[in-house]
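Heads up, the thing below is written out as C-alpha cells.
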Amino acid sequence: MSDIEKGFKTLFQNMELGAYLQSADGSMVDVNPKALSMLGLTREEFLAGCGPSPCWHLTGESGEELLPGQHPAALALESAQEVRDFVASVQQEGEHPPLWVNLNAIPVRDEEGGAPHAVLVTLRDISKLRRLEQAVAATAAEREQEQKQLQVHHAKRLESLGVLAGGIAHDFNNILTSIMGNTELALMQLTPGAPACENLRRVERASHRAAALLKQMLFYLGRGTFSSEPIDLNRLVEEMADMLQAAISKKATLRLELSRPLGLFSADPVQVRQVVMNLILNASEALGNEVGKIKVSTSQRHYREEELAEFRGSEELAPGSYLSLSVSDTGYGMDQETRARFFDRLFPATGRGLGMAAILGVVRGLRGGMRLQSDVGKGSVFTLLIPVDADVLTTAKPTERASEPMGMGPVLLVDDEEEVCLLVGAMLERLGYEVITASDGHQALGLYLQRDDWAFVMLDLTMPVMDGEETYEQLRSIDPSVRVVITSGYSENEVARRFQGKGVKGLLQKPFDMDALRRVLR
C-alpha cells in the first residue's frame with residue numbers, strides 16, 4: 001500500500017463526518033467508524049449489504065422513499081459529478097426515530113482520470129437542526145392559528161360593538177332630534193333679538209356638533225356613511241376650537257392662525273373634523289408631558305408642479321389653487337427612519353391619534369396631498385393640501401327659517417318615542433299639516449284604514465311589536481300608492497339599501513331639523 005493510500009485510509013477512518021466508499025457496481029467497499037456509530041450498525045452488517053439498503057432506507061425531504069437509482073451515490077456515478085448537500089432521512093430498523101443527514105457524493109477516478117470506479121459518500125448528522133426547524137415551524141403554525149383565532153375574536157367584538165353602537169345611535173339620535181327640533185321651534189316663536197335667542201342658537205350648534213361626534217363614532221366602528229357638502233375650512237376649525245383645546249395636553253397651548261378669505265371645497269364634514277382632530281392628537285402626543293405649543297394655520301395660494309412633488313397623496317397633483325391646513329408642534333421631532341415609517345399603516349402604534357395612513361387615505365379621497373416636515377429637536381409640521389372646488393359657491397347659503405305653511409291634509413306620524421312624536425308633530429303642524437300619531441305598526445295600520453285622504457305617512461324604522469319595514473310592507477299591501485317617508489337613527493345609506501326599489505318617497509336620518517324636513521317634503 002502506497003503512502004498516499006495509507007494517508008487516505010487514516011483520514012477516512014478518523015474523519016469527523018460519517019463516510020463510506022461504494023463501488024460502481026453498488027457493493028460496499030469500506031465504511032468509517034463515525035458512519036457506523038450514526039447508523040447503529042456493525043462493520044460486518046454494513047459491508048454485508050445493510051448499507052445503504054435494505055437495513056436502512058433513504059427518503060427525500062418530502063417523505064417519499066428513494067429508489068436505489070435516486071441515491072446520491074448512484075447520481076454521482078451516473079453524472080460523474082459531485083452531488084452536494086443532498087438532504088435525506090435515514091429510516092433505521094426498529095422503533096428508532098429517523099436520522100436526518102446531509103450527504104455529499106464524490107466520484108472516485110483512477111490515475112488516468114477515466115470513468116468513476118467508485119464513489120465516496122460523506123454523512124453529516126443534521127437531526128438536531130431538523131428537529132429545531134420542525135419545532136420552530138410548529139410554533140409558527142400555532143402562532144398563526146392563534147393569530148387567526150384572535151382576528152376572528154376581534155371581528156366578532158367589532159361586530160358586537162357595531163350592533164351596540166347602532167342601538168345607542170338610534171336612541172341618542174332621537175334625543176338629539178328632540179333637542180334640535182324644540183330649539184328651532186322656540187327660536188321661531190321668539191322675537192328676533194330677544195335675549196334668549198343667542199342661548200338657543202348655542203344649544204342648536206352644540207346639538208349639531210354632538211350629532212357629528214356620534215357619526216364619527218360610527219365611522220370608527222365601520223357603520224358610518226359619507227356625505228358631501230360645501231365646507232368652509234376656517235369655520236370648521238373655529239367651531240372645533242373648544243373641543244381641540246380640551247383634547248390636547250394640559251401643558252400645551254393651542255393657537256389658530258387662519259387666513260381669510262378662503263375658497264370652499266366639497267367633502268364630508270365629519271371626515272374632515274376627524275382628520276383635524278387626529279392631527280391635533282398626534283401633535284399633542286409628540287409633546288408628551290413637556291410644555292409646548294401647537295399651531296393650526298390655514299391659507300390658500302397657487303402651487304407649482306415642483307412644490308407639489310413634496311406632497312404624498314394622489315398620484316399626480318396638478319398645479320393650481322389649493323387650500324392648506326398646517327398643524328405644527330414644538331415636540332422632539334423625528335429622525336429620518338421615523339419619518340420614513342410614519343405613513344405606514346397604524347403607525348404610531350401607541351397614543352390616541354389615528355394612524356397617518358388613514359388620514360392620508362382621507363386626503364387622497366379629496367384629491368389632495370400631505371407633507372411631513374420634521375427634524376430631531378425641531379418639532380414637526382404636517383401640511384394638508386385640498387384643491388379649491390370652483391363649482392362650490394364662495395358664500396354659504398343662509399339657513400332657511402321660513403315658517404309659512406307648505407302643505408295640507410292629514411299625516412300619519414308613526415314613532416314609538418313620545419317626545420319625537422310631539423316634536424315632529426309640532427314641526428309638521430307648523431308646515432300646515434294635520435297630524436295623527438301612532439306608537440306602533442299595528443296601531444298605524446288600524447288608523448290608516450279609517451280614512452283615504454292621507455297626505456303621506458311618516459314612519460320610524462325601529463319600533464316594538466311591528467317594525468317600520470314590516471309596517472311599510474303591510475301599508476303597501478293595503479294601498480300600493482301609499483306615500484311614505486322613512487325616519488331612522490341609523491345611517492341613511494343603510495336604510496336606502498334596505499328599501500331600494502320599494503317605492504319609498506323619502507328618507508330622513510335622525511337627528512333632523514326643520515330645513516331637512518322641509519327639503520324631504522318638497
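The values are calculated or read from the model by the stated rules, or taken from the named source; none is laboratory data. As the structure is a prediction and not an experimental result, all values here were calculated from the model. Glycine gets a Cβ as well: all are built from the backbone with ideal geometry, and neighbour counts include every protein chain shown. Heavy atoms of the whole protein, side chains included, go into the accessibility calculation; ligands, DNA and RNA do not. Shrake-Rupley method; radii C 1.70, N 1.55, O 1.52, S 1.80 Å.
Would you mind finding the one in ARG131, ARG143 that is under 29 Å from LYS34 (Cβ atoms) and part of a helix (DSSP H, G or I)? Reasoning before the result, please.
Details: ARG143 fails: under 29 Å from LYS34 (Cβ atoms).
Result: ARG131 is the single residue among ARG131, ARG143 that is under 29 Å from LYS34 (Cβ atoms) and part of a helix (DSSP H, G or I).
Based on this model, can you work out whether VAL276 counts as at pLDDT 90 or above, under 22 Å from PRO387 (Cα atoms) and not basic (Lys, Arg)? Quick ask: steps written out before the conclusion?
Numbers: at pLDDT 90 or above: yes; under 22 Å from PRO387 (Cα atoms): yes; not basic (Lys, Arg): yes.
Yes, satisfied.
Out of all the residues in the range 231-244, is one or more farther than 21 Å from ALA206 by Cα, open to solvent by 20 Å² or more (accessible area, probe 1.4 Å) and basic (Lys, Arg)?
Step one: of the range 231-244, the residues farther than 21 Å from ALA206 by Cα are none.
The answer is no; no qualifying residue exists.
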Residues that are outside any loop (DSSP other than H, G, I, E, B) and open to solvent by 50 Å² or more (accessible area, probe 1.4 Å), drawn from the range 106-128
ILE106, ARG124, ASP125, LYS128
Test: residue in the range 174-181 that is at pLDDT below 85 and open to solvent by 70 Å² or more (accessible area, probe 1.4 Å)
no
Would a scan of the range 279-290 turn up a residue that is in a loop (DSSP other than H, G, I, E, B) and either on the phi < 0 side of the Ramachandran plot or touching a helix residue (DSSP H, G or I) at 6+ places or on another chain (Cβ under 8 Å) (or both)?
yes
Whether any residue in the range 33-44 is modelled with pLDDT under 85, open to solvent by less than 70 Å² (accessible area, probe 1.4 Å) and touching a Phe, Trp or Tyr at 6+ places or on another chain (Cβ under 7 Å) is what I want to check.
yes
Can you tell me which residue among SER249, SER321, SER259, SER328 is touching a residue at least 60 places away in the same chain (Cβ under 8 Å) and open to solvent by 20 Å² or more (accessible area, probe 1.4 Å)?
SER321
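Residue-by-condition table, conditions (1) under 16 Å from ILE486 (Cβ atoms); (2) of a type in the set (D, E, K, R); (3) modelled with pLDDT of 90 or more; (4) open to solvent by 10 Å² or more (accessible area, probe 1.4 Å):
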{"position": "PRO410", "(1), (2), (3), (4)": "no, no, yes, no"}
{"position": "ASP415", "(1), (2), (3), (4)": "yes, yes, yes, no"}
{"position": "GLY425", "(1), (2), (3), (4)": "no, no, yes, no"}
{"position": "GLU434", "(1), (2), (3), (4)": "no, yes, yes, yes"}
{"position": "GLN443", "(1), (2), (3), (4)": "no, no, yes, yes"}
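Of everything in the range 470-505 that's part of a helix (DSSP H, G or I) and under 32 Å from the mean Cα position of the chain (by Cα), which residue is modelled with the highest pLDDT? So that I can check it myself, show each step before the final result.
Here is the first cut: in the range 470-505, the residues part of a helix (DSSP H, G or I) are 470-478, 492-498.
Applying the additional criterion that residues be under 32 Å from the mean Cα position of the chain (by Cα) yields 492-498.
Numbers: GLU492: 65, ASN493: 64, GLU494: 68, VAL495: 73, ALA496: 72, ARG497: 74, ARG498: 78.
Within the range 470-505, the match that is modelled with the highest pLDDT is ARG498.
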Please enumerate the residues belonging to the range 262-302 that are more than 16 Å from VAL363 (Cβ to Cβ), open to solvent by 30 Å² or more (accessible area, probe 1.4 Å) and touching a residue at least 24 places away in the same chain (Cβ under 8 Å).
GLU285, ALA286, GLY288, ASN289, GLU290, VAL291, LYS293, LYS295, SER299, GLN300
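Among residues belonging to the range 436-469 that are among the aliphatic types (A, V, I, L, M) and in a helix (DSSP H, G or I), point out the one that is nearest to ASN174 (Cα to Cα). Spell out the reasoning first.
First, the residues of the range 436-469 that are among the aliphatic types (A, V, I, L, M): 436, 438, 444-445, 447, 449, 455, 457-459, 461, 463, 465-466.
Among the residues that remain, those that are also in a helix (DSSP H, G or I) are: 444-445, 447.
On the way: ALA444: 20, LEU445: 23, LEU447: 24 Å.
Across the range 436-469, the extreme among qualifying residues is ALA444.
Being among the hydrophobic types (A, V, I, L, M, F, W, C) and in contact with a Ser or Thr (Cβ under 6 Å, 6 or more places away or on another chain) is the filter; apply it to the range 287-332 and report the residue that is modelled with the lowest pLDDT.
First, the residues of the range 287-332 that are among the hydrophobic types (A, V, I, L, M, F, W, C): 287, 291, 294, 296, 308-309, 311, 317-318, 323, 325, 327.
Next, from what is left, pick out any that are in contact with a Ser or Thr (Cβ under 6 Å, 6 or more places away or on another chain): 287, 325.
Working: LEU287: 89, LEU325: 95.
So the residue we want is LEU287.
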In the range 295-317, anything of a type outside the set (D, E, K, R), within 16 Å of VAL388 (Cβ to Cβ) and either assigned to a strand (DSSP E or B) or over 29 Å from the mean Cα position of the chain (by Cα) (or both) is listed as THR298, SER299, GLN300, HIS302, TYR303, GLY313
Of all residues in the range 176-196, which are without any contact (Cβ under 8 Å) to a residue 12 or more places away in the chain, within 17 Å of MET514 (Cα to Cα) and in a helix (DSSP H, G or I)?
GLN189
Candidate set from the range 22-32 (those that are open to solvent by less than 60 Å² (accessible area, probe 1.4 Å) and free of Cβ contacts under 8 Å to residues at least 40 places away in the same chain); member that is farthest from VAL121 (Cα to Cα):
SER27
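Kindly evaluate LEU103 against the criterion of being closer than 20 Å to PHE46 by Cβ, surrounded by 17 or more Cβ atoms within 10 Å (Cβ to Cβ) and either under 51 Å from the mean Cα position of the chain (by Cα) or not basic (Lys, Arg) (or both).
Details: closer than 20 Å to PHE46 by Cβ: yes; surrounded by 17 or more Cβ atoms within 10 Å (Cβ to Cβ): yes; either under 51 Å from the mean Cα position of the chain (by Cα) or not basic (Lys, Arg) (or both): yes.
Criteria met by LEU103.
Please specify each residue of the range 374-402 satisfying the condition of being open to solvent by 50 Å² or more (accessible area, probe 1.4 Å), at pLDDT below 50 and not acidic (Asp, Glu).
Applying the first criterion (open to solvent by 50 Å² or more (accessible area, probe 1.4 Å)) to the range 374-402 yields 375-378, 390-391, 393-401.
Checking the rest, the ones that are also at pLDDT below 50 come to 394-401.
Listed by number, the residues that qualify are THR394, THR395, ALA396, LYS397, PRO398, THR399, ARG401.
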Here is a list of conditions, (1) modelled with pLDDT of 80 or more; (2) open to solvent by less than 40 Å² (accessible area, probe 1.4 Å); (3) under 26 Å from GLY292 (Cβ atoms), and GLY368 meets all of them except one; can you say which number that is?
(3)
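Return yes or no: is SER127 among the hydroxyl-bearing types (Ser, Thr, Tyr) and touching a Pro at 6+ places or on another chain (Cβ under 9 Å)?
Numbers: among the hydroxyl-bearing types (Ser, Thr, Tyr): yes; touching a Pro at 6+ places or on another chain (Cβ under 9 Å): yes.
Yes, satisfied.
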